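Presented below is the structure to which this report refers.
The values are calculated or read from the model by the stated rules, or taken from the named source; none is laboratory data. Quick caveat, the model's predicted, so the values are computed rather than measured. So basically every Cβ, Gly included, is an ideal-geometry build from the backbone, and we count neighbours across all protein chains shown.
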Amino acid sequence: MSQASTPLPPDYYLRNFHALLEQVQRQYEDLLLPEERRLCELFPSLCKDARMLYVRLLTRKGDVFRSSRLRYAEIRQGKKAAQELAEKELIAIDPALQLEKLLPLWSRQEWLTRLGALGQPTRGLASLKRAELDLVLTERLGELAASVPTIAGEPVYQLLNPDIFPVFKLLFFGNPYQDMTEFVLRDLGLYRFESYRLDRDTRLFRSREQIDAHLACHTLAEQLEVVLLEDAATILTFARTLPAQPADDPILSRRLQRMHYALARQLERLGHLAEALNLYRDLSLPDAQERQVRVLAKLGREQEALALCRERLAEREDTQHFPWRFGQRLARGLACDWPHRSAGKPKVEQLELAYTGEAVEHVAAEHFAALGDCHYVENTLLNGLFGLHYWPAIFAPAPGAFSHPFQHAPHDLHQDEFTALRADLLEEQHAAVARINEKTTDYQALWRDRFGCLNPFVYWQALNETLIATALERIPAAHWQAIFRRFWQDLKNNCSGLPDLILFPHEGGYELIEVKGPGDRLQLNQKAWMEYFAAHGIPHRVVQVSWRHD
């Protein structure tokens, strides 16, 4: 939840870096290399200016810097700080550098001025493109055979061992993509996070080999964007360089699978269907399995595609997901039997309302307010109570679930291992849903106590104590059990597509209402929910609104 912004102290970034170092050392000291342990031990002993300058250098782009561009109001003795960092071998001052390291540090005009100061002619250079100017600079400055201070005209600092910081960020965040900005968002008061255990027992990485494998995967991921722009041969060569998917590291396995999927998808777009199929076959991602079926159909191998649809349908009985729909089409073309769809289409009620310019859901809510208490909730109410009820499981200290204090959800939330690692706790919480109507005050207290804490299922502004109490009073426990059960079947996809409105009629009970404006129609996930509601006796209706222009 967004809150009032809190001013940051001048040394906020230093405090945050200390916190990062301390947590990495606390959780992973036994897995750190000697130079990484040295930094953890050495850094606190530096003077404050030196520590601040070092953090500033770590968080800037590149590893070579002009001293004149490192002026910070909070660092009062920058030169002295740099000298201390050099003595401790954390940076080098005026090291021997290749010209390509120096060229980007100055603008075109600055280099022309610098050439003049070095006694070099500059006539005709102002009209050159930057790449052309760099060639001239390389030739002219190389001929000078001068040192870095002579060429630069000011001290130049180079960060030593720059690869240490990416390791620390990986160990702290559990991924190579987040950075120190996460601290700032918290410090500004923009987000509130739940507290959970972060120690060696719950750490994400268990060996140095695992850490190195994640770092290598990130390097490959950075290359992927360029490779996807190349031809099929280059893509296939790159695919062969990817490491095997580790059975004991689900997170790394998923990252590698997503890279394989991106390569296969591009091969498919380029028309190399057989090669794409070979890559898809090794992946367990649902999207990859869908593409595998589609590619088989494109290749004229409909029988194989239909067999895969049957396998998927047996794994998960849901008449609206891809295998059922695509398999039905294939079976029709092949004149084969296909399971009969037991549930019918939801009944749609026509409703004419006066056009007011407001969103159709709000206009419909005003209309149904004459029948009782009506709220526009869409995915927020049922998801919100789900998030409150399963709060202990979501933030349980399972191994590898949390790697830093800025997570809104555990790493494995949408994966099979989530339920496996929390089986006993989830069994208790599943059973407790039968008594959900008796715990109104507990949910209201949790809502007050945790208000604003990021939770993947709770949108705080959409809930209030009155709505929570009414929903728990009117919706039977059996219906909560049915809805939560379908959520757990597919947390990633089944937590959307819920009806727009909930109506609590004057006479009691409740009803879920899906509202569609002119030209709008039910989406597949919405149809799936309607069929599920019908099968479990959950009151619902679909309303198709047309406008009356009074």
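Listed by position, the strands (runs of 3 or more DSSP E) inside region 450-550 whose residues that are closer than 30 Å to Arg192 by Cβ number at least 2 are 501-505. Within region 325-341, residues that are more than 13 Å from Arg312 (Cβ to Cβ) have Cβ atoms under 9 Å from residues that are β-branched (Val, Ile, Thr) in these pairs: Arg341/Thr319, counting only partners at least 6 apart in sequence or on another chain.
Within region 283-294, identify whether any single residue is at pLDDT below 90, of a type outside the set (Asp, Glu) and either more than 30 Å from the chain's Cα centre (by Cα) or assigned by TED's automatic domain parsing to the domain that holds Glu531 (or both), and answer yes or no. No, there is no match, as no residue in region 283-294 is at pLDDT below 90, of a type outside the set (Asp, Glu) and either more than 30 Å from the chain's Cα centre (by Cα) or assigned by TED's automatic domain parsing to the domain that holds Glu531 (or both). Here region 76-102 is the region considered, the condition is being modelled with pLDDT under 90 and not acidic (Asp, Glu), and the residue that is farthest from Thr138 (Cα to Cα) is Ala96. Can you say whether Asp231 is over 25 Å from the mean Cα position of the chain (by Cα) and not basic (Lys, Arg), as far as the supplied structure shows? Judged against the criteria, Asp231 is a match.
Condition (residue is at pLDDT 95 or above, more than 22 Å from the chain's Cα centre (by Cα) and closer than 23 Å to Lys169 by Cα) applied to region 208-220: is it met by at least one residue? Within region 208-220, one or more residues are at pLDDT 95 or above, more than 22 Å from the chain's Cα centre (by Cα) and closer than 23 Å to Lys169 by Cα. Residues in region 180-198 include at least one that is exposed (fewer than 14 other Cβ atoms within 10 Å of the Cβ), under 19 Å from Gln27 (Cβ atoms) and touching a residue at least 24 places away in the same chain (Cβ under 8 Å).
Conditions (1) under 27 Å from Phe418 (Cα atoms); (2) aromatic (Phe, Trp, Tyr); (3) buried (at least 18 other Cβ atoms within 10 Å of the Cβ), marked per residue:
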{"site": "Ala478", "(1), (2), (3)": "yes, no, no"}
{"site": "Lys492", "(1), (2), (3)": "yes, no, no"}
{"site": "Leu503", "(1), (2), (3)": "no, no, yes"}
{"site": "Leu524", "(1), (2), (3)": "yes, no, no"}
{"site": "Gly537", "(1), (2), (3)": "no, no, no"}
{"site": "Val542", "(1), (2), (3)": "no, no, yes"}
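Of the numbered conditions (1) in a helix (DSSP H, G or I); (2) touching a residue at least 60 places away in the same chain (Cβ under 8 Å), Cys374 satisfies every one except a single condition; which is it? For Cys374, the failing item is (1). Within region 445-460, residues that are charged (D, E, K, R) sit with their Cβ atoms under 9 Å from residues that are in a loop (DSSP other than H, G, I, E, B) and surrounded by fewer than 17 Cβ atoms within 10 Å (Cβ to Cβ), at 6+ positions apart or across chains, in these pairs: Arg450/Glu194.
Sub-7 Å Cβ pairs linking a first residue in region 155-166 that is crowded, with 16+ Cβ neighbours inside 10 Å to a second residue that is part of a strand (DSSP E or B) and basic (Lys, Arg), at least 6 apart or interchain, are Val156/Arg66, ordered by first then second residue. Being modelled with pLDDT under 95, surrounded by 15 or more Cβ atoms within 10 Å (Cβ to Cβ), basic (Lys, Arg) and in contact with a Cys (Cβ under 7 Å, 6 or more places away or on another chain) is a property that Arg203 lacks.
Every residue, every condition in (1) over 37 Å from the mean Cα position of the chain (by Cα); (2) hydroxyl-bearing (Ser, Thr, Tyr); (3) assigned to a helix (DSSP H, G or I), yes or no:
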| position | (1), (2), (3) |
| --- | --- |
| Ala73 | no, no, no |
| Glu110 | yes, no, yes |
| Leu115 | yes, no, yes |
| Thr122 | yes, yes, no |
| Leu133 | yes, no, yes |
| Leu137 | yes, no, yes |
| Asn161 | no, no, no |
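How many residues does region 394-419 contain that are in a helix (DSSP H, G or I) and surrounded by fewer than 19 Cβ atoms within 10 Å (Cβ to Cβ)? Of the residues in region 394-419, 3 are in a helix (DSSP H, G or I) and surrounded by fewer than 19 Cβ atoms within 10 Å (Cβ to Cβ). Here Ala314 meets each of (1) out of contact with any Gly (no Cβ under 9 Å at 6 or more places or on another chain); (2) modelled with pLDDT of 95 or more; (3) hydrophobic (A, V, I, L, M, F, W, C); (4) assigned to a helix (DSSP H, G or I) with one exception, condition (2). When we screen Ala431, Ala445 for residues that are over 30 Å from Gly189 (Cα atoms), of a type in the set (Gly, Ala, Ser) and part of a helix (DSSP H, G or I), the only hit is Ala431.
Selection of region 250-285 for residues being part of a helix (DSSP H, G or I) and among the charged types (D, E, K, R) yields Arg254, Arg255, Arg258, Arg265, Glu268, Arg269, Glu275, Arg281.
The residue that is surrounded by the most Cβ atoms within 10 Å (Cβ to Cβ), among those in region 87-98 that are free of Cβ contacts under 8 Å to residues at least 60 places away in the same chain and more than 15 Å from Gly62 (Cβ to Cβ), is Lys88.
Kindly indicate whether Glu132 is out of contact with any strand residue (DSSP E or B) (no Cβ under 8 Å at 6 or more places or on another chain) and surrounded by fewer than 16 Cβ atoms within 10 Å (Cβ to Cβ). So Glu132 passes the test. For Arg332, the conditions (1) of a type outside the set (A, V, I, L, M, F, W, C); (2) modelled with pLDDT of 90 or more; (3) not in a helix (DSSP H, G or I) all hold with the exception of (3).
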